[in-house]
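The values are calculated or read from the model by the stated rules, or taken from the named source; none is laboratory data. Predicted model, so just to flag it, every value in this text is computed and none were measured. Glycine also receives a Cβ, built like all others from the backbone with ideal geometry; neighbour counts cover every protein chain displayed.
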Ligand code: SF4
Ligand code: SF4
């Protein structure tokens with residue numbers, strides 16, 4: 001698909017035309033501004049276009065969900081951001097949301113209801129699993145990932161925080177990849193080191209960075225691809241691969257990118 | 001008669017002293033803030049049955065779990081025998097149930113003995129594991145002399161208890177042949193029925209009776225000692241594991257507790273509350289988050305008293321694994337130590353623990369006017385708090401459903417909201433969310449990526 005054919009409508013434009021999308025795509029701060037995560041955002045839009053799902057983004061009307069502020073302890077900043085978002089979502093009568101960031105996903109799904117915002121919220125890997133399962137998204141055989149050794153990193157906020165371990169794995173299975181699990185996976189998966197607002201601060205003194213610990217574990221599986229489901233894990237693991245000087249041979253990708261790559265979208 | 005009297009005195013003393021200690025623990029737990037925890041009893045029963053009774057989470061590491069299970073099940077079954085010992089002790093009977101429950105009696109004894117042998121093996125394995133093997137989680141910095149001794153004392157106590165059971169049963173097996181009148185036939189019991197006659201056969205009746213009585217008293221006195229030792233030990237978990245799993249939170253692990261006070265305040269700032277519903281302004285500056293056991297929930301303190309100091313949480317903690325100071329186990333131990341400290345000071349009733357400005361009017365030292373100039377921050381440093389990635393690995397790992405993360409987050413809230421402190425690195429993130437709606441200060445439009453992409457080929 002050439003980028004010219006991409007359709008990424010804004011909620012405000014749709015509303016002006018009297019339309020309501022099937023689902024709102026919550027892009028998040030990383031997905032909007034981080035150069036690496038933007039690629040995942042685009043990849044996911046391509047998939048949505050490909051299967052013909054009517055979606056929209058909020059654009060400038062989207063604000064940070066408030067997750068890093070809340071976890072750092074700053075409830076005031078969280079409440080301001082969250083209540084603002086809830087007002088926006090109410091204005092557009094949003095009922096269903098998909099997010100490519102598990103932190104946004106967690107806050108929208110589990111924490112906004114107490115503030116008065118109730119939605120059906122999906123993580124993009126859950127939507128992908130659903131689309132593949134229902135046959136709406138066909139995975140082409142013999143794609144680039146066929147038989148390739150791959151390992152999968154559970155993000156804390158999709159995994160332990162929300163108990164979703166299977167959806168991403170079933171997507172990887174559909175891609176026909178040779179999934180090799182790390183020693184610490186699923187419930188025991190090791191954090192990449194970014195959560196709880198760590199992304200915005202220097203590490204506390206210690207012997208090692210958490211992302212190096214985790215990347216080393218991923219590298220010992222011998223996988224050529226490390227798959228992740230979170231923009232922050234993506235950054236952390238890519239940094240880890242660089243620190244180990246393996247960036248020529250080992251790639252870190254989001255599941256959406258793997259599908260786009262496989263299907264040549 | 002004399003034995004009965006002595007038994008009654010010891011038993012009543014042991015039970016009443018233990019009762020007092022348990023009431024003190026209850027009081028200490030209730031130093032925490034009130035929190036209503038209820039609902040979904042089905043799920044709560046399931047947690048108690050599977051996780052506390054069924055030890056489900058222990059089996060993530062099946063080797064220690066198996067040995068732990070031996071000791072645990074032996075402990076449960078021995079309670080039946082304990083009832084008999086209490087009846088015999090108070091009423092001067094001997095093996096009260098022996099001629100009353102028929103075939104069930106030898107079944108019970110055999111079960112207890114087989115389990116006891118398994119428990120014996122388990123106890124030796126655990127002693128070796130703690131003291132000979134270098135398992136990192138048993139040797140972290142928070143494992144000072146007392147936690148280590150505590151763990152060993154209990155295991156040694158377990159050995160004494162088992163020695164009591166086997167000398168009592170072994171001598172009894174021989175005595176049944178010599179004096180069937182008093183020593184009821186118990187049917188064949190595997191270990192004592194085999195090794196009793198083998199090792200003790202041929203001894204005079206007098207000596208055998210002394211051995212039997214020695215075993216009996218050793219057993220029951222160890223139990224009384226254990227009961228009174230529990231409240232100051234990590235072994236309190238054998239009782240608190242049950243209520244603690246019952247009251248464990250059921251929301252998704254990723255959900256942080258809401259702060260309605262702040263929500264309402266922000267809503268009224270944003271004009272989202274209907275007129276007249278604005279929250280009443282408090283005169284004093286309110287305190288947010290927690291800085292001491294008084295501002296934590298009672299459940300957090302029950303968590304601390306339930307902690308077995310096993311270190312499963314710490315060994316899964318990414319911060320701890322990479323050499324940071326944070327250890328979720330230490331957080332739990334600190335909360336318990338702090339609650340104990342306050343409890344002991346309250347018990348002293350000393351006026352020096354009353355808040356200085358209230359000291360003149362106050363009639364007595366209470367939880368409300370307590371002030372010793374310390375807080376939990378004297379135990380847990382900011383460096384520890386700041387290292388947490390909120391990954392929930394500790395919560396997931398804990399076999400008795402303790403939540404160290406919940407405490408860490410409340411302390412962080414206090415630091416930021418009440419003390420206006422916290423890592424300086426985070427300030428730009430806060431301001432940029434507050435002013436620009438994004439976690440980074442970036443001047444671009446939020447959908448620049450889309451506009452750019454759609455304009456490219
Ligand atoms: S939530 Fe915090 S304390 Fe618990 S394991 Fe993760 S980093 Fe460690
Ligand atoms: S909090 Fe749980 S896992 Fe951690 S030491 Fe205590 S009992 Fe063990």
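For residue B:186, indicate whether it is within 30 Å of residue B:402 (Cβ to Cβ), touching a residue at least 12 places away in the same chain (Cβ under 8 Å) and out of contact with any strand residue (DSSP E or B) (no Cβ under 9 Å at 6 or more places or on another chain).
No: the conditions fail for residue B:186.
Which condition breaks for residue A:231 when tested against (1) crowded, with 21+ Cβ neighbours inside 10 Å; (2) at pLDDT below 95?
All conditions pass for residue A:231, except number (2).
Condition check ((1) surrounded by 13 or more Cβ atoms within 10 Å (Cβ to Cβ); (2) free of Cβ contacts under 8 Å to residues at least 24 places away in the same chain) across all residues:
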{"position": "B:141", "(1), (2)": "no, no"}
{"position": "B:147", "(1), (2)": "yes, no"}
{"position": "B:177", "(1), (2)": "no, yes"}
{"position": "B:193", "(1), (2)": "yes, yes"}
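Looking at A:194, A:227, A:223, A:167, which one is away from ligand 2 (no atom under 16 Å from the Cβ), out of contact with any strand residue (DSSP E or B) (no Cβ under 7 Å at 6 or more places or on another chain) and over 24 Å from residue B:424 (Cβ atoms)?
A:167
Of everything in region B:430-447 that's more than 7 Å from chain A (Cβ to nearest Cβ) and modelled with pLDDT of 95 or more, which residue is surrounded by the fewest Cβ atoms within 10 Å (Cβ to Cβ)?
The qualifying residue surrounded by the fewest Cβ atoms within 10 Å (Cβ to Cβ) is B:431.
Enumerate the helices (runs of 4 or more DSSP H) found wholly within region B:358-446, keeping only those where 2 or more residues are closer than 18 Å to residue A:70 by Cβ.
Here the list reads B:382-386, B:404-413, B:427-436.
So, in region A:86-130, exactly how many residues are part of a helix (DSSP H, G or I) and over 14 Å from the mean Cα position of the chain (by Cα)?
14
Yes/no matrix, rows are residues, columns are (1) within 22 Å of the chain's Cα centre (by Cα); (2) more than 13 Å from chain A (Cβ to nearest Cβ); (3) modelled with pLDDT of 95 or more:
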position: B:351; (1), (2), (3): no, yes, no
position: B:364; (1), (2), (3): no, yes, no
position: B:382; (1), (2), (3): no, no, yes
position: B:395; (1), (2), (3): yes, no, yes
position: B:406; (1), (2), (3): yes, no, yes
position: B:426; (1), (2), (3): no, no, yes
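Checking the conditions here, which among B:319, B:248, B:290 is within 15 Å of ligand 1 (Cβ to nearest atom) and either at pLDDT 95 or above or at positive phi (or both)?
B:319
Conditions tested, residue by residue: (1) part of a helix (DSSP H, G or I); (2) within 16 Å of ligand 1 (Cβ to nearest atom); (3) closer than 30 Å to residue B:339 by Cα.
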{"residue": "B:184", "(1), (2), (3)": "no, no, no"}
{"residue": "B:198", "(1), (2), (3)": "yes, no, no"}
{"residue": "B:213", "(1), (2), (3)": "yes, no, no"}
{"residue": "B:224", "(1), (2), (3)": "yes, no, yes"}
{"residue": "B:227", "(1), (2), (3)": "yes, no, yes"}
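Quick one: how many residues across region B:297-311 are away from ligand 1 (no atom under 16 Å from the Cβ) and either more than 13 Å from residue B:27 (Cα to Cα) or touching a helix residue (DSSP H, G or I) at 6+ places or on another chain (Cβ under 8 Å) (or both)?
7
Which members of region A:74-96 meet the condition of being in contact (Cβ under 8 Å) with a residue 12 or more places away in the chain and in contact with a helix residue (DSSP H, G or I) (Cβ under 7 Å, 6 or more places away or on another chain)?
Across region A:74-96, the qualifying residues are A:78, A:79, A:80, A:81, A:82, A:83, A:86, A:88, A:92.
How many residues does region B:323-356 contain that are within 10 Å of ligand 1 (Cβ to nearest atom) and more than 19 Å from residue B:377 (Cα to Cα)?
So the answer is 0.
Among the residues of region B:371-429, how many are at positive phi, surrounded by 20 or more Cβ atoms within 10 Å (Cβ to Cβ) and more than 9 Å from ligand 1 (Cβ to nearest atom)?
Qualifying residue count for the region: 2.
Could you count how many residues in region B:173-192 are more than 16 Å from residue B:101 (Cβ to Cβ) and touching a helix residue (DSSP H, G or I) at 6+ places or on another chain (Cβ under 6 Å)?
Counting residues in region B:173-192 that are more than 16 Å from residue B:101 (Cβ to Cβ) and touching a helix residue (DSSP H, G or I) at 6+ places or on another chain (Cβ under 6 Å) gives 8.
Among the numbered criteria (1) in contact (Cβ under 8 Å) with a residue 60 or more places away in the chain; (2) away from every other protein chain (no Cβ under 14 Å), which one does residue A:174 miss?
Single failed check for residue A:174: (1).
Name the residue, out of A:122, A:115, A:179, that is surrounded by fewer than 24 Cβ atoms within 10 Å (Cβ to Cβ), in contact with a helix residue (DSSP H, G or I) (Cβ under 6 Å, 6 or more places away or on another chain) and assigned by TED's automatic domain parsing to the domain that holds residue A:44.
Just a single option satisfies the conditions, and that option is A:115.
Can you confirm whether residue B:344 is away from ligand 2 (no atom under 16 Å from the Cβ), at pLDDT 90 or above and in contact with a strand residue (DSSP E or B) (Cβ under 6 Å, 6 or more places away or on another chain)?
Considered against the rule, which asks whether it is away from ligand 2 (no atom under 16 Å from the Cβ), at pLDDT 90 or above and in contact with a strand residue (DSSP E or B) (Cβ under 6 Å, 6 or more places away or on another chain), residue B:344 comes out as no.
Give the residue that is nearest to residue B:235 (Cα to Cα), with candidates limited to residues of region B:303-319 that are more than 11 Å from chain A (Cβ to nearest Cβ) and near ligand 2 (Cβ under 6 Å from one of its atoms).
Within region B:303-319, the match that is nearest to residue B:235 (Cα to Cα) is B:308.
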